[in-house]
Amino acid sequence: MKLFSSVNDVANVRQLVQEALDLKKSPFAYQDLGKNKTIGLVFLNPSLRTRLSTQKAAMNLGMSAMVMNMDKEGWALETRDGVVMNGTTVEHIREAAAVMGEYCDILGLRCFPKLEDRGEDYSEDLFNKFVKFCGIPVVSLESATLHPLQSLTDLVTITETWKNPARKPRVVLTWAPHVKALPQAVPNSFAEWMCRAQRDNMVDFVITHPEGYGLAEKFTPGAAINYNQDEALAGADYVYVKNWSSYQDYGKVIPVTGNWMMDLNKLSLTNSAKVMHCLPVRRDIELSSEILDSPHSLVVHEAGNRVWAAQAVLKQMLM
Amino acid sequence: MKLFSSVNDVANVRQLVQEALDLKKSPFAYQDLGKNKTIGLVFLNPSLRTRLSTQKAAMNLGMSAMVMNMDKEGWALETRDGVVMNGTTVEHIREAAAVMGEYCDILGLRCFPKLEDRGEDYSEDLFNKFVKFCGIPVVSLESATLHPLQSLTDLVTITETWKNPARKPRVVLTWAPHVKALPQAVPNSFAEWMCRAQRDNMVDFVITHPEGYGLAEKFTPGAAINYNQDEALAGADYVYVKNWSSYQDYGKVIPVTGNWMMDLNKLSLTNSAKVMHCLPVRRDIELSSEILDSPHSLVVHEAGNRVWAAQAVLKQMLM
Amino acid sequence: MKLFSSVNDVANVRQLVQEALDLKKSPFAYQDLGKNKTIGLVFLNPSLRTRLSTQKAAMNLGMSAMVMNMDKEGWALETRDGVVMNGTTVEHIREAAAVMGEYCDILGLRCFPKLEDRGEDYSEDLFNKFVKFCGIPVVSLESATLHPLQSLTDLVTITETWKNPARKPRVVLTWAPHVKALPQAVPNSFAEWMCRAQRDNMVDFVITHPEGYGLAEKFTPGAAINYNQDEALAGADYVYVKNWSSYQDYGKVIPVTGNWMMDLNKLSLTNSAKVMHCLPVRRDIELSSEILDSPHSLVVHEAGNRVWAAQAVLKQMLM
């Protein structure tokens, strides 16, 4: 594997999930693979879980990790070609990416959307140029529109915890309120992976959100979409809670009517569902404390699985 | 050992000191203990010595270290239960600590007091919640009220340099001036460890400070307290110099009369004492340059011993 | 080798260059040398290439690396002796350097000039005090006036790519425009190394810059200096492009007449020269995009060689 930026970079999703679960049982079985190899983790935006879990995954495989927090160092990158660099950008992505490629065997990149210009964000211009110019394998640590390591983790967690071979689990992605305008990367990515898993006969997938919060269609092929949260939650085995800002009225927080926060009342509509969230979570805004502190919550377990998802991807890249 | 937050977490202080001195002679003798283990070092406040020495101690034991400078990433944690998280805190300590516990085998945490509300600081609310929710062994890298790795280092340094088996050394903790209001964590902790060492027949311990600067009594059981610095220094073998803000008039800098800075004149009152300080030190405010640049100063040697103190504690946690 | 701060610290430049090229072929041949050794990389100013390449070099030699970004932690150091530290500096370099020396086997230090007081910058006061007080081997990661790891890299790159044994390459250092006032460290250092290489019969060396931009004479012994860029470029095999602020009118940007940006027109005056730059480069200000995106550019290759230059120096220090 040379690129992990979307579920479309994965030939066999079921196999990759199994790989992650196998690594969870034997974390140190492949330390020779990464011997004398270095991963560079480049953050244009802050990270906690992604940095730690990917660093841990790399170390489990015998790799060294070098972290570059470029957001904190004010190393503003120029991405446009043909501009005279007499402004605030200090280095062009052509040089910056190529140089990092010289020092590392694999690169991870986090670059959030600006949520100003949908065309720019959804072009994944910065991420794609980084991939192009660095010349080595790249793993997304969350790009403008997708967060594939999170979504692989989520599918790993569902597969690991679903104990009924007689039927597929019903997975519901529900929009939730927040105090800020957030990217669509996590829900886009979760939808993309669940739609693929649905095609692979691993889950049934439903999306529920208020009107005006529809995700880009290219990420939701085959998903059932329901504006009525109560209806969507009926019979759910897994509820994935997440806020996102509007894709149509791009980057905006559109007022909604009714209560969209996931709480025990809503949980009672489900099939005693497990509740998931990528974290960080705003308690009692997105998701009630009662659920988070109950056995229904998978959020910490899910965060722990980030290591094995990252390790499965890095292992593929090293082989 | 599952927790190292105070001398009260140590069953046998004398043995732990000896362990540190043994590790100083054979730093790499236990590298198998830490193989494939990871320590996470979480800093809610800046650190230089503590971060480097603990990282080095972990590496000496074969561990990997992951550093999280959360102060610089603006990852404001919510610690209160039952609050609707619609403000500036982005994650609850329940999730943040639990997730770090998923990625690490041991966690170190630094969290300074705010010096605003004594009850809040002295409850060690944040530190204790972190311990409770992370679910793995925790070592304090300085909490609101204590800095046990520093104090263990100090006792190691005194034990290492005291060459007179005929009697115990006389150790004096003296308040010193500063330009800012500082926490009581270092003097509280030094007092706690020296009082324990006094009970264990390792030292005689005296505290001297201006009126109004008395430390919390629970940290000073059995210590002689003297408001007259000259009297206290008489016959001292070790003088530990440190500023702290008032505990009574909490967090305030109360004006003092007389000269409390440790200098050669005051040193002449002692038994040619060795002078200690946890660093960083304000030269010619807390402690005179003449002393710092003389053979009386142990400050650099003491800082070097931070490695072996941390390594002794981590070794106990790994066993 | 105990100190690497200038070409004058190197007994045999030709041999050190060859060492770097040998390590490039066998990066992991000396991992036992660095076993259980630690390098501390102290940055008083930001770094990308230098941090990553030195960290990689250390890891290739089996060392651990600890990074201290002191610029971001606001750890202001006092360097003057005899001052009462009642201001904004929180620690004296005497203690700070000595303590770092306790935790590491080798230290790297980056400290830029302030470009305010030439005497202060050119005394290398901070760098020299750090060397004096830390008590262990030190490698410059760019000081106020020199950047020797960059210059060694540059000489390695020239040696590696020059394929004509019949004659020496003609190397031209040319001033280029920029939007900011930059230090003279890179051109001083490049001049110092090329003048030495010229004495060692490895290159012919020419410097060209507008009037008012003359470098300090102590760094340019034996260099041909020409204010006419076109004349200087005639027959060049390597063109090293770099901006710097004035040494005479210290730290100032003096207006220049004519076009000093390196572009294809100017390249046509050369012997189809290879073009070098230490990066980051301002495209179409210092150097044209056309050159940077052509096979004439060595900038990425040169940045990659930073690893081998650093590794050759660290290997010398470990032996």
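Criterion applied to B:28, B:43 was being within 13 Å of another protein chain (Cβ to nearest Cβ), among the aromatic types (Phe, Trp, Tyr) and surrounded by 18 or more Cβ atoms within 10 Å (Cβ to Cβ), and the one residue passing it is B:43. Filtered by the rule that a residue be facing another protein chain (nearest Cβ under 7 Å) and open to solvent by 10 Å² or more (accessible area, probe 1.4 Å), segment A:50-64 gives A:55, A:56, A:59, A:64.
Can you name the residue in segment A:88-113 that is in contact (Cβ under 8 Å) with a residue 60 or more places away in the chain and not hydrophobic (A, V, I, L, M, F, W, C) and, of all such residues, is most open to solvent (accessible area, probe 1.4 Å)?
To start, the set of residues in segment A:88-113 that are in contact (Cβ under 8 Å) with a residue 60 or more places away in the chain comprises A:100, A:103-113.
Going one step further and asking which of them are not hydrophobic (A, V, I, L, M, F, W, C), we end up with A:103, A:105, A:108, A:110, A:113.
Working: A:103: 1, A:105: 52, A:108: 0, A:110: 14, A:113: 19 Å².
The selected residue is A:105.
Screening segment C:125-141 for residues that are over 30 Å from residue B:178 (Cα atoms) and crowded, with 20+ Cβ neighbours inside 10 Å and picking the one that is farthest from the other protein chains (Cβ to nearest Cβ) gives C:140.
Any residue at all in segment C:260-273 that is in the same structural domain as residue C:163 (by TED's automatic domain parsing), under 26 Å from residue C:156 (Cα atoms), touching a Lys or Arg at 6+ places or on another chain (Cβ under 6 Å) and assigned to a strand (DSSP E or B)? Spell out the reasoning first.
Let us first name the residues in segment C:260-273 that are in the same structural domain as residue C:163 (by TED's automatic domain parsing), namely C:260-273.
Subset that is under 26 Å from residue C:156 (Cα atoms): C:261-264, C:266-273.
Checking the rest, the ones that are also touching a Lys or Arg at 6+ places or on another chain (Cβ under 6 Å) come to none.
No, that holds for no residue.
Beta carbons closer than 6 Å, at least 6 apart along the sequence or on distinct chains, never pair a first residue in segment B:271-296 that is closer than 13 Å to residue C:84 by Cβ and crowded, with 24+ Cβ neighbours inside 10 Å with a second that is of a type in the set (Gly, Ala, Ser) and modelled with pLDDT under 95.
Let's see how each residue does on (1) within 23 Å of residue A:144 (Cα to Cα); (2) in a loop (DSSP other than H, G, I, E, B); (3) touching a Cys at 6+ places or on another chain (Cβ under 8 Å); (4) not polar (S, T, N, Q):
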site	(1), (2), (3), (4)
A:206	no, no, no, yes
A:213	yes, yes, no, yes
A:218	yes, no, no, yes
A:230	no, no, no, yes
A:235	no, yes, no, yes
A:244	yes, yes, no, yes
A:249	yes, yes, no, yes
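Looking only at segment B:66-74, decide whether some residue is surrounded by 21 or more Cβ atoms within 10 Å (Cβ to Cβ), in a loop (DSSP other than H, G, I, E, B), out of contact with any strand residue (DSSP E or B) (no Cβ under 7 Å at 6 or more places or on another chain) and not assigned by TED's automatic domain parsing to the domain that holds residue B:279. Checked segment B:66-74: no residue is surrounded by 21 or more Cβ atoms within 10 Å (Cβ to Cβ), in a loop (DSSP other than H, G, I, E, B), out of contact with any strand residue (DSSP E or B) (no Cβ under 7 Å at 6 or more places or on another chain) and not assigned by TED's automatic domain parsing to the domain that holds residue B:279. Residue A:264 meets the conditions (1) open to solvent by 30 Å² or more (accessible area, probe 1.4 Å); (2) within 12 Å of chain B (Cβ to nearest Cβ) in every case but one. The failed one is (2).
Here residue C:85 clears all of (1) without any contact (Cβ under 8 Å) to a residue 24 or more places away in the chain; (2) within 13 Å of chain B (Cβ to nearest Cβ); (3) of a type outside the set (Ser, Thr, Tyr); (4) not in a loop (DSSP other than H, G, I, E, B) except the condition numbered (4).
Can you find, within segment A:278-319, the residue that is nearest to residue A:48 (Cα to Cα) among those that are in a loop (DSSP other than H, G, I, E, B) and more than 9 Å from chain B (Cβ to nearest Cβ)?
For segment A:278-319, the residue satisfying everything is A:278.
The set of residues in segment C:182-235 that are open to solvent by 40 Å² or more (accessible area, probe 1.4 Å), of a type in the set (Gly, Ala, Ser) and in contact with a helix residue (DSSP H, G or I) (Cβ under 7 Å, 6 or more places away or on another chain) contains only C:222. Could you go through segment A:80-102 and let me know if any residue there is under 30 Å from residue A:220 (Cα atoms) and not assigned by TED's automatic domain parsing to the domain that holds residue A:299. Scanning segment A:80-102, I find no residue that is under 30 Å from residue A:220 (Cα atoms) and not assigned by TED's automatic domain parsing to the domain that holds residue A:299, so the answer is no.
The values are calculated or read from the model by the stated rules, or taken from the named source; none is laboratory data. Please read all numbers here as calculations on a predicted model, not as lab measurements. For neighbour counting, all protein chains shown are included, and Cβ atoms are generated from backbone atoms with ideal geometry for every residue, glycine included. Protein only, heavy atoms only, side chains kept; ligands, DNA and RNA dropped before computing areas. Shrake-Rupley method; radii C 1.70, N 1.55, O 1.52, S 1.80 Å.
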